[in-house]
1. Anyone know which of A:Pro102, A:Pro64, A:Pro79 comes out most mobile in the 10 Å Cα GNM of chain A?
2. Excluding ligands, DNA and RNA, what is the solvent-accessible area per residue of the stretch B:2-157 at a probe of 1.4 Å, expressed in Å²?
3. Along Cα→Cβ at 7 Å, what distances in nm separate the B:Ala72 label point from those on the other copies, shortest first?
4. Please determine, in degrees from 0 to 90 and to the nearest 10, the orientation of helix B:29-39 with respect to the longest principal axis defined by the Cα atoms of chain B, where the helix direction is its Cα long axis.
5. Using protein heavy atoms only (no ligands, DNA or RNA), what is the total accessible area buried between B and C, 1.4 Å probe, nearest 100 Å²?
6. Do you know which residues of the stretch B:115-157 lose at least 40 square angstrom of accessible area in the protein assembly compared with their chain on its own, with a 1.4 angstrom probe?
7. Rounded to the nearest percent, how much of the accessible area of the stretch A:1-134 (1.4 Å probe, protein heavy atoms only) is carbon and sulfur?
8. So what is the relative contact order for chain B, in percent, with contacts set as C-alpha pairs under 8 Å and at least six apart?
Amino acid sequence: MDTLTPASVCRYATIHVTTRQPTEFVDLTDRLERLVADAGFRFGILNVQTLHTTTAVVVNEHEPLLLADFQALLEAAAPGDGRYRHDDTTVRTVNMTDAERPNGHAHCRALLMPSSACLNVTQGRLRLGQWQRVFFVELDGPRERDLSILIVGEAGR
Amino acid sequence: MDTLTPASVCRYATIHVTTRQPTEFVDLTDRLERLVADAGFRFGILNVQTLHTTTAVVVNEHEPLLLADFQALLEAAAPGDGRYRHDDTTVRTVNMTDAERPNGHAHCRALLMPSSACLNVTQGRLRLGQWQRVFFVELDGPRERDLSILIVGEAGR
Amino acid sequence: MDTLTPASVCRYATIHVTTRQPTEFVDLTDRLERLVADAGFRFGILNVQTLHTTTAVVVNEHEPLLLADFQALLEAAAPGDGRYRHDDTTVRTVNMTDAERPNGHAHCRALLMPSSACLNVTQGRLRLGQWQRVFFVELDGPRERDLSILIVGEAGR
């Protein structure tokens, strides 16, 4: 364990994502690594947080067939054609908007995954294993989406 | 990305919750926002962590029918009347207490959700999207529960 | 809520784990508590992050029969003998290695659990509830595994 000269700062950013599919895994890793490099952090914690309730942030491998497996898993856990009280406009009264569309399945899938990923920054880089990539998970697309990124730690090179 | 004058502090608090149902989604958002405002943070990370093993902390929409959908999803994933080795007092020897009650289903449900939420604080406020609310999830109530909150970041307005 | 004299530091460490079973819950709590004590932190956030994509980090109770229940739950969610596109070497072209073995089920199980745990440090100790233990979850063992630990907060006793 290494002790570091204290020179703590916070930096923050927003990432915008345009999704094109109902379910989509958007790889954010390169954008996050650039943020860490640009901010000049040596050590710290980066928290990448979705700002939506039918989305998630996960860390896993970027292999296209595996992403299809994930989609099948989520479909089994909360089927897109299942019945959700949230989508029953004959009884629902709360949080109704003109843009409402049936998305109970998407909220349920989001419940099973984290809404943010907390990642370590060491020696000026995002600390990720060989196969680890950070994904924004769209569960009710296509939509315009935003994520908030905040880094707390030690600046300086 | 904005660089900020370093003036880092940590602040912490405990939140107490009394739950009244076996499964219950308790909205903590207002209490967390008040903590951030009272602590005078401008930027940072707030970690809200449950101190129990049959509970969770999730971020999702606060719509009552949706919360009922979540309950149905959890019931399907780990049925309340399922058989759990953890509840088999004829063979179990570890961590037994007088207050023991069958709650294997609650531990299993907790495995599928995070035990804490890491949330960004920007410009003096909890950074949440339009529909995002932070929930303490009771899975084995009714009980008395505690959560630990810690904020690391930049104070000052 | 207590305000603390600012004296922020980051410290980091790596934990190595050798797993011996296909699925295994490795209790990291004692090692993490020692890291916090050795680093001399009073308050802060500790992030323990796996560096692999067929693993997870969870907080739950350490009761052996319960860990067997968890294994049954994960087997039901993503069966070991299920069919995964990720394992179909007749069509897959991305991220192939000589050491490739069928592990689609392990990636899918990992999707349902967090890849890191963010834990509060208060008064010089990891803030955990009575039954809370921090587990590294092996889903594709046996293997050699590494976790990255980073603590941000206030040093001094």
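The values are calculated or read from the model by the stated rules, or taken from the named source; none is laboratory data. Bear in mind the structure is a predicted one, so any value in this text is a computation, not a measurement. Note: ideal-geometry Cβ built from the backbone for every residue, glycine included; neighbour counts use all protein chains shown. Note: areas computed on protein heavy atoms with side chains; ligands, DNA, RNA excluded. Shrake-Rupley method; radii C 1.70, N 1.55, O 1.52, S 1.80 Å.
1. Result for chain A, Cα springs under 10 Å: A:Pro64 fluctuates most.
2. 39
3. 2.6, 2.6
4. 40
5. Result for this pair: about 3500 Å² buried.
6. Those residues are B:Ser115, B:Cys118, B:Asn120, B:Arg127, B:Trp131, B:Gln132, B:Leu150, B:Val152.
7. 46
8. RCO, chain B: 56 percent.
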